[in-house]
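Here's the structure we're looking at; comments come further down.
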């Protein structure tokens, strides 16, 4: 191959490489600044201690406690006594002390339970 042809093909190859490099540089996206995660403050309404009435006090105790702790204690009570329905796990079967909290209903759903429990907090 003559020297001129070799020089031309070498120039073409370097020109192609240079174009590829330019394209690669243009394809990079600008780096976005990531905001540091800020820990959320708890809602003060959830942390306010509430006094349970006598029916609810038979299940969770008579001390005032936040709404979140009330629900947690009720779930501890339900799991300790096996009150969750075996076939439909969303339903809670009431025993004698829970019937007073559930307004005399034999069975309530998890979502209905929280609504009924809120009636017994002051």
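Each reported figure results from applying straightforward, stated rules to the coordinates on display, with no laboratory input. The model shown is predicted, which means the values in this text are computed figures rather than measured ones. In this analysis, Cβ positions are derived from the backbone assuming ideal geometry, glycine residues included, and neighbour counts consider all displayed protein chains.
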Taking the square root of 5λ for each eigenvalue of the C-alpha gyration tensor of the range 48-118, the equivalent ellipsoid has semi-axes, largest first and in whole angstrom, of 20, 12, 11
The range 30-45 scanned against label point 7 Å out from residue 68 along Cα→C-beta; backbone N under 11 Å for 40-45
Can you give the FRET efficiency for residue 119 and residue 31, using 1/(1 + (r/R0)^6), R0 = 41 Å, r = Cβ-Cβ distance, to the nearest 0.05? 0.15
Extension length gain for residue 110 and residue 48 (0.36 nm per residue less Cα distance), in nm, is 20.1 nm
